[in-house]
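Below is one structure, written out as structure tokens, with a few remarks after it.
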Ligand code: KIV
Ligand code: ZN
């Protein structure tokens, strides 16, 4: 499948031709590694391939595809992404042990441009409690790990986990040794989102200027958002001389997330007057990428999220609307089209045929295989029967769901619900599990409870339900409901998403989607012990 857009990366490259190469900032996307580590954000292999394809087409310089030793699923995902990606460097993460590095090397070897990213914690608190190693042992491990990685590729990145809470002398020695052993990128993570811009600026500047060999490598930022300063810190790092930013679509990531890719790129574009740096990323693909990542990770984007939030370009108040009518510059610092936002367009109706539907999919950036297309078309017809106005957003929600569930072992195939004032809520639900139809009927405390009880009876499991959330895809009472369901089992969280004009059907779909992911997680087995931020 491929995603297409109005602009392409060639246009961006042409626009950038006149710019100074020393001011070029490499965009390193870690949505598929750090982003996916976010509790509940697990993606299937197919989801990851779709995201990787969009990132590649968007012009992201480096795609961190996963953490190969953490599970067989992650290993396979990195191999497949490495085979698929055409332009970007494909990177696999590893800790400092040789087994980790060898596994990462095995996975990225399929890439046209492979990179190994190896890291170790350097701060006193991590050394003492996480690694039980002293500073000298950590420094030795840095040298050994970078040399080992160089056996697989000459594109090696080394990271100091929790760098911003590390004594400067230890951090300087680690960086110096990593460079000496052949690392080509040195990453300085603010792992716990503790830094402030002035401090981060000073750290990067001194490292770059004072570490021997510091002028020969690319310095990189990797900022978490615990205090809401991830983007500001990353940009401070660039002003200090960093030329790679690690970030994620929608700012997805552990805890409060990572620096948001779309915010970084737009800040550089819009404020070129004081931030004279540039990237080769095609920003017109942001809205599409944001929706895709929200759909496959089932992490909704907050309405007022900068750049890609639903309200990011909405002008509600009278005073603002009046100003906008006179001159859009009164309240708009960037054009919605520059991030790929177009007005909600009326899409297709119930009389539209296959050709029109295929054409619309192409415009929206989808190219589906035959089976997925037929299923999506059938669901579109059902939707058009129920809903007078079918918008582009409706089609996107429908297709995203179709693609995300096409390989699921459990499928929702039937549902009827009886509920209302004075009626005991009852659900009758049918699932197809590995091709076999199973049905169950039960009452519940409400219709949703009855539906979820049916699913639990058909697929027994002990998972808790920490989140059930309903929102609308478009406006109006006939809008499709979008439901998010999060399940938690033995400390593992997964999130499922379902969309339908019937909120009960959307709820059942979301629960089934989460259950499919839970089963996939069980199959993948335990993650390697010391996962990272
Ligand atoms: O936050 C962090 O320190 C990380 C490293 C593994 C780069 O994600
Ligand atoms: Zn991180």
So residue 118 clears everything in (1) outside any helix (DSSP H, G or I); (2) away from ligand 2 (no atom under 16 Å from the Cβ); (3) in contact with a helix residue (DSSP H, G or I) (Cβ under 7 Å, 6 or more places away or on another chain); (4) under 21 Å from residue 215 (Cα atoms) except one condition, right? Which one?
(2)
Taking residue 193, is it part of a loop (DSSP other than H, G, I, E, B) and away from ligand 2 (no atom under 16 Å from the Cβ)?
no
Can you find a residue in segment 130-147 that is within 16 Å of ligand 2 (Cβ to nearest atom), at pLDDT 95 or above and either more than 26 Å from residue 195 (Cα to Cα) or part of a helix (DSSP H, G or I) (or both)?
yes
For residue 23, state whether it is surrounded by fewer than 24 Cβ atoms within 10 Å (Cβ to Cβ), closer than 26 Å to residue 225 by Cβ, away from ligand 1 (no atom under 16 Å from the Cβ) and within 17 Å of the chain's Cα centre (by Cα).
no
Considering segment 232-259, residues that are away from ligand 1 (no atom under 15 Å from the Cβ), buried (at least 22 other Cβ atoms within 10 Å of the Cβ) and closer than 20 Å to residue 309 by Cα, and then whichever is farthest from the chain's Cα centre (by Cα), we arrive at 250
Going residue by residue through segment 222-230, is there one that turns out to be in contact with a strand residue (DSSP E or B) (Cβ under 9 Å, 6 or more places away or on another chain), within 15 Å of ligand 2 (Cβ to nearest atom) and in a helix (DSSP H, G or I)?
yes
Quick check on segment 164-175. Is at least one of its residues under 27 Å from the mean Cα position of the chain (by Cα) and more than 15 Å from ligand 2 (Cβ to nearest atom)?
no
Counting only residues that are touching a helix residue (DSSP H, G or I) at 6+ places or on another chain (Cβ under 8 Å), assigned to a loop (DSSP other than H, G, I, E, B) and within 16 Å of ligand 1 (Cβ to nearest atom), how many does segment 167-189 have?
1
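The values are calculated or read from the model by the stated rules, or taken from the named source; none is laboratory data. Everything numeric here is computed off the predicted structure, so don't read it as measured data. Glycine also receives a Cβ, built like all others from the backbone with ideal geometry; neighbour counts cover every protein chain displayed.
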